[in-house]
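The values are calculated or read from the model by the stated rules, or taken from the named source; none is laboratory data. Not measured: the values here are computed from a predicted model. In this analysis, Cβ positions are derived from the backbone assuming ideal geometry, glycine residues included, and neighbour counts consider all displayed protein chains. We work out accessible area using only protein heavy atoms, side chains counted, and drop any ligands, DNA or RNA first. Shrake-Rupley method; radii C 1.70, N 1.55, O 1.52, S 1.80 Å.
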Amino acid sequence: MSFSKKRYFTYLFITIIVFVMPFIKINGNHLLLLSFDKMQFHFLGLAFNMNELYVMPFLLMFLFIGIFAMTSIFGRVWCGWACPQTIFRVIYRDLIESKILGLRRIKNKQKELDYSKNSTKIKKYISLFLWGIISLLASINFMWYFVPPEDFFLYLQNPLEHFFMIMFILSTALFLIYDIVFMKEDFCTFACPYSRIQSTLYDNNTKQVVYNTNRGGEIYQNSEKSILNIKQWSGNEECTTCEACVKICPTHIDIRKGLQVECINCLECSDACSTVMGKLGKKSLIYWESTNEVINNKLSPLFSLKNLVYIVSLFLCLAFALYFTGEKEDFLVNINKTTKLYGIKENTVTNNYVLTIHNTNKKEYTFDIEILDSSFKIKRYRPLKLQGKQRLKTVLILQTSKALKTTNKKDSAYKVKINIYAKENKEIKVQRELSFIYPRKDLLK
Ligand code: SF4
Ligand code: SF4
């Protein structure tokens with residue numbers, strides 16, 4: 001199967017996943033959602049509030065190290081096989097313009113359209129219209145990762161109340177029209193930051209698009225084209241100089257010159273060469289392998305030291321992310337001492353706190369407190385009944401009548417452990433350690 005066909009199947013698979021994912025829920029939570037109106041991040045069916053995003057740094061590290069590792073091992077595999085820009089360009093240029101409307105030939109991407117013909121103009125408007133619809137769908141699909149579909153369709157019934165959402169969708173769709181129809185692959189070459197940094201991650205073991213000069217012959221010398229046609233060959237060079245690989249290239253480069261920043265790893269040149277060389281009973285001269293394998297006849301070990309470091313780092317990031325996912329508390333509690341240091345009445349000392357409980361569950365619970373240290377008691381606290389997702393503040397006053405150890409010179413701080421639990425299900429609990437300030441001796445007399 002040609003690389004192009006494999007890529008088309010990959011694109012179809014990715015498109016289905018990206019469209020379906022926002023509709024999949026586990027325990028009422030999404031697989032991936034960053035909801036700004038609910039201030040929540042959903043990941044693999046777990047919901048995190050904005051103040052418990054401790055898993056986020058490890059996911060970001062995983063993402064960035066993953067991109068570096070992927071580029072270092074497989075080159076620009078993302079660009080050719082998964083980047084939305086490339087997928088959209090294939091849909092617009094190869095499917096709409098070439099296959100459906102016959103405006104151009106997939107095999108020759110260098111030819112500009114002839115706008116002197118009316119039929120070309122009409123077909124161009126039709127292609128713009130079709131791409132406009134797809135852009136709008138893609139933009140709505142993108143929005144579902146911020147506003148889940150169940151809310152999105154509700155909001156659509158009152159578009160004026162959700163003006164920002166509508167404007168965001170329309171602006172993204174307009175950008176996609178400009179980018180895919182007018183900027184084309186210039187986006188990859190000049191605007192995409194990833195294309196700029198990736199060449200620093202390559203080495204001779206990186207899998208990339210390589211023209212085999214050993215078989216094909218050197219077409220370029222010092223960046224200048226020295227061989228223009230097959231008659232100039234002196235030996236057994238196999239390249240027919242047919243230029244099929246050049247004509248088909250969407251970024252308008254000649255891969256026989258060596259790897260260039262414009263190359264998006266689409267491998268269309270390799271497929272084109274396969275067709276030409278296939279007629280001569282030979283393999284394509286353009287490989288998707290490392291330079292060491294193609295040119296230097298050396299093996300590129302997958303488990304080199306560099307790759308092992310990447311793999312271990314990725315596992316560590318995942319392990320930390322999973323560990324912190326498991327550490328997610330059943331509900332959120334924040335306890336702060338008030339400005340009053342302590343109160344003394346006879347031999348009883350009190351400390352005041354402001355307690356905030358956020359019931360991050362969907363069910364209603366009544367939250368009570370138990371003290372795990374017998375020296376202290378609760379003087380004031382009324383169990384809080386909170387509906388799902390509700391948050392409330394209340395006052396908690398702890399007291400002790402015991403003569404605790406303290407000095408003449410300064411106040412002492414005691415650590416007091418408390419459990420905050422749901423009365424309906426004691427398994428739902430959170431433990432906190434409070435600081436109880438006990439006055440110095442002379443103040444107690
Ligand atoms: S040289 Fe052109 S056709 Fe070949 S992989 Fe790169 S971008 Fe694609
Ligand atoms: S398609 Fe193959 S044979 Fe033709 S010019 Fe390119 S590398 Fe040479």
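Counting only heavy atoms of the protein chains and using a 1.4 Å probe, Ile344 has close to 70 Å² of accessible surface. Sparsely packed loop sites in the range 301-333 (the chymotrypsin sites (Phe, Trp or Tyr not before Pro) outside DSSP H, G, I, E and B with at most 11 other Cβ atoms within 10 Å) comprise Phe303. Per-residue surface analysis assigns His252 an accessible area of about 110 Å², computed on protein heavy atoms at 1.4 Å probe radius. In this view, the solvent-accessible surface of Lys402, computed with a 1.4 Å probe and all protein chains in place, comes to about 100 Å².
Normalised by the residues of the range 203-294, what does the relative contact order come to in percent, with Cα pairs under 8 Å and at least six apart? Worked out over the range 203-294, it gives 42 percent. Between Leu160 and Ser234, the contour length at 0.36 nm per residue exceeds the alpha carbon distance by 19.4 nm.
Here the chain is treated with +1 on each Lys and Arg Cβ and -1 on each Asp and Glu Cβ, and its dipole about the Cα centre works out to around 1240 debye.
The simple Förster model, with R0 at 56 Å and r as the Cβ-Cβ distance, assigns Thr15 and Tyr220 a FRET efficiency of 0.90. List the GluC sites (Glu not before Pro) within the range 158-220 that DSSP assigns to loop and that have no more than 15 neighbouring Cβ atoms inside 10 Å. Answer by residue number: Glu218. From helices alone, the chain scores -10000 deg cm²/dmol at 222 nm; the rule is -39500 (n - 2.57) for each run of n ≥ 4 DSSP H residues, then divide by the residue total.
Centre-to-centre, using Cα atoms only, the range 403-445 and the range 289-313 are separated by 58 Å. When the Cα centres of the range 325-369 and the range 72-113 are compared, how far apart do they sit, in Å? If you average the Cα positions of each part, the centres end up 58 Å apart. The dipole here belongs to the range 332-444: it is taken about the Cα centre, uses +1 on the Cβ of Lys and Arg and -1 on the Cβ of Asp and Glu, and is about 200 debye. Inter-part distance, the range 1-54 to the range 383-398, computed on C-alpha centroids, equals 34 Å.
Of the DSSP H helices in the chain, those with a Cα length along their own long axis of 27 Å or more and a mean Kyte-Doolittle hydropathy reaching -1.0 comprise 118-143, 305-326. Dividing the mean sequence gap of close Cα pairs (under 8 Å, 6+ apart) by how many residues the range 332-444 holds gives a relative contact order of 28 percent.
Using the Cβ atoms and a cut-off under 10 Å, what net charge is assigned to the surroundings of Asn408, where Lys and Arg are +1 and Asp and Glu are -1? Residues close to Asn408 contribute a combined charge of +3. Local charge for Thr291 was computed over the other residues whose Cβ lies under 12 Å away, with Lys and Arg +1 and Asp and Glu -1, and equals -1.
Determine the sum of side-chain charges near Val354: Lys and Arg each +1, Asp and Glu each -1, restricted to other residues whose C-beta is under 10 angstrom from that of Val354. Every neighbour counted, the sum reads +2. Residues whose amide H lies under 5 Å from that of Lys38, counting only those 5 or more places away or on a different chain, are absent; hydrogens are built 1.01 Å from N in the peptide plane. Here the simple spin-label model places points 7 Å from the Cα toward Cβ, and for Phe36 and Leu201 these points are separated by 2.8 nm.
Among Gln208, Gln110, Gln431, the residue with the largest mean-square fluctuation in a Gaussian network model of the chain, with springs joining Cα atoms closer than 10 Å, is Gln431. When Glu224, Glu424, Glu293 are compared by accessible area of protein heavy atoms, the largest-first order is Glu224, Glu424, Glu293, using a 1.4 Å probe. Between the amide H of Leu384 and those of Phe367, distances stay under 5 Å, these residues lying 5 or more places away or on another chain, with hydrogens modeled in the peptide plane.
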